[in-house]
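Notes follow once the structure below has been shown.
The values are calculated or read from the model by the stated rules, or taken from the named source; none is laboratory data. Since we're looking at a predicted model, the values are computed, not measured. Heads up, the Cβs are rebuilt from the backbone with ideal geometry, glycines too, and the neighbour counts pull from every protein chain shown. Calculation scope for accessible area: heavy atoms of the full protein, side chains included, ligands and nucleic acids excluded. Shrake-Rupley method; radii C 1.70, N 1.55, O 1.52, S 1.80 Å.
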Amino acid sequence: MPRHLSHVFNGESLMCSISRKMAAEFIGTFGLIFFGGGAAAMGYPLIDVALANGLAIMIAAYVFGDISGGVVNPAVTLGGAIAGKIGWKDAGLYMVAQVGGGIAAGYVLLVVLGGSTGHLGATTINTGLVSVSGGFILEALGTFFLTTTALYTAMSGRAGNAAPLAIGFTLVMAVTFMGPLTGASLNPARTLGPAVAGVYFPHIWVYLVATPVGGLIAGLLYNFMQEHKAVS
């Protein structure tokens with residue numbers, strides 16, 4: 001990922017129009033939901049699903065890093081905006097593009113798979129293993145760690161080309177653990193895409209609330225840590 005990525009997040013890049021940024025976020029999110037959700041829909045082994053998600057977000061960060069940052073996640077976008085790494089206007093437009101990309105991917109999966117195979121990889125709480133409140137906590141914590149990783153690497157201009165690796169492997173780690181429990185969404189667009197296309201909405205409120213909460217807390221904590229660092 002280019003070292004000038006932090007300028008993109010701070011709204012300092014003048015070479016990319018908002019339409020290009022939105023297109024980048026739409027395409028990147030589409031890829032994440034299409035490949036990650038598709039792997040889950042097909043019932044592949046957990047490690048395969050985890051790698052599909054991790055590689056998809058990693059590639060999005062590499063390919064679109066110097067255009068929009070390749071955030072591909074409304075919850076992470078929220079955290080970035082709170083931390084001052086993404087302008088609020090850009091953040092709102094990113095979220096629209098990300099949700100649109102996720103829903104588009106869900107409908108393409110519906111066409112490709114010829115029906116709601118595996119509910120198109122929809123994320124649901126496995127109430128046989130975890131309570132709904134436990135699923136809420138897991139999704140919030142997972143999103144918190146994913147957002148924190150993005151904030152301290154890509155969005156801060158740190159880690160250089162290794163930033164997408166850190167973000168991708170954070171998602172792999174989360175899916176490996178949380179996949180059997182909640183589907184490891186960590187991303188409202190990841191949940192909305194298959195849910196809307198497959199008309200399948202169990203526990204959807206958990207994901208639409210818990211993931212932004214995780215991003216929100218990550219952004220607030222980042223600000224606190226940076227302020228403390230500046231004072232010390």
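Out of the residues in the stretch 59-86 meeting the condition of being hydroxyl-bearing (Ser, Thr, Tyr) and part of a helix (DSSP H, G or I), tell me which one is least open to solvent (accessible area, probe 1.4 Å). Explain how you work it out, then say what you get.
Of all residues in the stretch 59-86, those hydroxyl-bearing (Ser, Thr, Tyr) come to 62, 68, 77.
Then keep just the ones that are part of a helix (DSSP H, G or I); that gives 62, 77.
Working: Tyr62: 94, Thr77: 0 Å².
That would be Thr77.
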Handout entry: Criterion: open to solvent by 10 Å² or more (accessible area, probe 1.4 Å), among the hydrophobic types (A, V, I, L, M, F, W, C) and under 18 Å from Thr127 (Cβ atoms) - qualifying residue of Val172, Val209, Val196
Key = Val209
Practice task
Give the residues of the stretch 111-146 that are crowded, with 22+ Cβ neighbours inside 10 Å and under 21 Å from Phe34 (Cα atoms), sorted by residue number.
Solution key: Leu120, Gly121, Ala122, Thr123, Ile125, Glu139, Gly142, Thr143, Leu146
Completion exercise
By residue number, the members of the stretch 212-229 that are within 14 Å of the chain's Cα centre (by Cα) and open to solvent by 40 Å² or more (accessible area, probe 1.4 Å) are Val213, Leu216
Exercise for the section: For Gly102, indicate whether it is crowded, with 24+ Cβ neighbours inside 10 Å and outside any loop (DSSP other than H, G, I, E, B). Expected result: yes
Handout entry: the stretch 66-84: number of residues that are at pLDDT 95 or above, over 13 Å from the mean Cα position of the chain (by Cα) and within 15 Å of Ala163 (Cα to Cα)
Key = 0
